[in-house]
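Data first, discussion second: the structure below is written as C-alpha cells.
The values are calculated or read from the model by the stated rules, or taken from the named source; none is laboratory data. Since this is a predicted model, take the numbers as computed values, not measurements. Note that each Cβ is placed from the backbone with ideal geometry, even for glycine, and that neighbours are counted across all protein chains shown. Protein only, heavy atoms only, side chains kept; ligands, DNA and RNA dropped before computing areas. Shrake-Rupley method; radii C 1.70, N 1.55, O 1.52, S 1.80 Å.
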Amino acid sequence: MIENVTFEEIQIGQQASLSRRLTMSDIELFATVSGDINPAHLDEEYAADSQFHKVIGHGMWSGSLISAVLGTLLPGPGTIYMGQDLRFKRPVGLGDVITVTVTAKEKHSEKNIVVFDCVARNQDGKEVVSGLAEVIAPTRKVRRAAHELPQVQVIRHDGHDELLGKTESLPPVPTAVVHPCDESSLKGAVEAAEANLIDPVLIGPASKIKSVAEAHGLDISRYRIVDVAHSHASAETGVRLARSGECEAVMKGSLHTDELMAEVVRKETGLRTGRRLSHVFVMNVPTYPRTLLITDAAINIYPTLEDKVDIVQNAIDLAKVLGVETPRVAILSAVETVNPKIASTLEAAALCKMADRGQIKGGILDGPLAFDNAISLEAARTKGIVSEVAGQADILLVPDLEAGNMLAKQLSFLANSDAAGIVLGARVPIILTSRADNVRTRLASCAVAVLAAAARRRGAAAAAE
C-alpha cells in the first residue's frame, strides 16, 4: 500500500528516506528517458580520461530519488512540487548506494506549503547532493494499492559491434557482388565497402547498376563493374571469379537465392567442396549471454543424418572462427528423450555418438534437447538434465529448415535479436542478404564472411608449409 502524510500530520523534523544502488542499467535507462547521452555516463574509454576517471551517474538521477521520496513517502500522493534547488558535491559511480533523506523544515499554513531539507549520501556517509524542496502538501488522506510497475528490459545491440570490432585489423575481402540491381542490394555492398569490410566487384548489367546508384545517391565510382547481360550471367560470373581466386567471397544481390546457389553447386564449375553447403544464422539475442548460431534455416530443407554431420561441422568451425574455443552444440527436437517415433531424436543420439567417435570434431554435442533445455539452465535443472550443453548452447542444430527459419525469425521479430547470415561449405563464404535486412545485419553478415575468409587464408598458408 502507498499512503500519504497530510499537511496537518506533518511535523517539523519529520523524515523519510529511500536507498538505491546505481547500476549501468539505471544510467542507460535514465539516458534513454532524458536524452542525455553525455559520454561521461556511457563511454568507459572517454570516462577514464575525464576528471573522475570512471563512468558516473547523471546528477539528476540522484535528484530523481528526492522526487521519489516526496511523491511516494513524505508527503506522498497528492503532493505538488513547487521548487527544488540542488547542490552536487560528489560524483555517483557504478555500485554506489545512495540514501536520500528529506526532513520537514518549514510549514506555511496559508497555502499548505512545506519546505524540506534534502540530502543524498553515499555508502560512506558522504554527501553527494543537498538542497531544499518546496511542495504543496496534500490535505486529503490517501491510501491506495501501490501501482505495479512494468518490467523493463534493457536491449543492447553491442554483440554485432563486437563482431565488427574483430575485423578492424583485417583487410577488406575481394567480394563478387552478384547482380546488385536494386537499391537494397547495391546499398548493402556500398555500406560494407565504406566500412572497410569488402572490396566489391559489382557484377550485372552495368547500365542498370549505374542507374540504381544515380537514383539513390550511391557513389560507385571506386568499384569495379563487370558488365554482363542478366542475372543468370551474373551468378555464373560471380562464381567463376570466386573459383579462380580473384574473389574470396560471394554476396547475393537482387537475384533469387536459388539462381545463385544453382551456380554455386554446379558440379564442374561451381564452388563445391567435400562438405555439404549449409546456412548459419549468427544471432545476438538480448536475453541470452552469448552469441547463438542457428543452423540450417535457409539451404537444406529436410537434411538427412549424413547432411547434419556436415551442417554441424560447418557451424562448429564457424563458432571457432568467431572466438568460441569449444562450441557447445544442442541438437533440437520437441523432447529431450530418444523417441523412436520422432526421427530427429534418433538422429540426435546418432550425432552425439558420432562426435564421441571423432566423426564430428571440435565441439561438444548433446541431444535431443528441447529448446528450453538448450538455452535455459533453470529449465534443464527442473527436468533433471545433467549436461555440458544444456542451458548454455552456442549452436542450435534444428531438425529441418522450417523449424530453423521460424526460430530465427521469432528471435529477430519477437526478441529484438540482431542477426547475420552466411553460407558455409563452399570454397568461399557466401553472403545471403535480404531486402528486409537492416544496415547492422548487412554489415554483420559481411563481417562474418571477412572472418571466415581470413581463417581460410590462414588454413591454406598452414597447409602450404
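Worth pointing out:
- Test set (1) touching a strand residue (DSSP E or B) at 6+ places or on another chain (Cβ under 7 Å); (2) at pLDDT below 95 - Phe371 fails condition number: (2)
- Taking the range 1-87 as the region of interest, the helices (runs of 4 or more DSSP H) fully inside it that hold 3 or more residues being open to solvent by 30 Å² or more (accessible area, probe 1.4 Å) are 24-34, 44-48, 59-72.
- Filter result for Ala454 (touching a helix residue (DSSP H, G or I) at 6+ places or on another chain (Cβ under 6 Å) and modelled with pLDDT under 95): no
- Within the range 188-203, residues that are touching a residue at least 60 places away in the same chain (Cβ under 8 Å) reach partners that are of a type in the set (Asp, Glu) with beta carbons closer than 9 Å, at six or more positions or on different chains, in the pairs Gly188/Asp437; Leu197/Glu191.
- Every condition in (1) open to solvent by 60 Å² or more (accessible area, probe 1.4 Å); (2) under 33 Å from the mean Cα position of the chain (by Cα); (3) of a type outside the set (S, T, N, Q) is met by Asp227 except one, and the failing one is (2).
- Failed item in (1) touching a Gly at 6+ places or on another chain (Cβ under 9 Å); (2) open to solvent by 70 Å² or more (accessible area, probe 1.4 Å); (3) more than 30 Å from Ala415 (Cβ to Cβ), with Lys126 passing the rest: (1)
- Among all positions in the range 308-324, there is at least one residue which is free of Cβ contacts under 8 Å to residues at least 60 places away in the same chain and under 14 Å from Pro399 (Cα atoms).
- If you go through the range 397-426 and keep only what is assigned to a helix (DSSP H, G or I) and surrounded by 22 or more Cβ atoms within 10 Å (Cβ to Cβ), you end up with Gly404, Ala408, Leu411.
- Residue within the range 404-412 that is modelled with pLDDT of 95 or more, in contact with a helix residue (DSSP H, G or I) (Cβ under 9 Å, 6 or more places away or on another chain) and under 26 Å from Arg156 (Cα atoms) present: yes
- Wholly enclosed helices (runs of 4 or more DSSP H) of the range 162-262 bearing at least 1 residues of a type in the set (D, E, K, R) and under 16 Å from Ile431 (Cα atoms): 183-194, 231-244
- Filter result (closer than 17 Å to Ala315 by Cβ and surrounded by fewer than 20 Cβ atoms within 10 Å (Cβ to Cβ)) within the range 353-363: Met354, Gln359, Lys361, Gly362
- Of the residues making up the range 321-334, those that are in contact with a strand residue (DSSP E or B) (Cβ under 9 Å, 6 or more places away or on another chain) and either in a helix (DSSP H, G or I) or open to solvent by less than 50 Å² (accessible area, probe 1.4 Å) (or both) are Leu322, Val324, Pro327, Val329, Ala330, Ile331, Leu332, Ser333.
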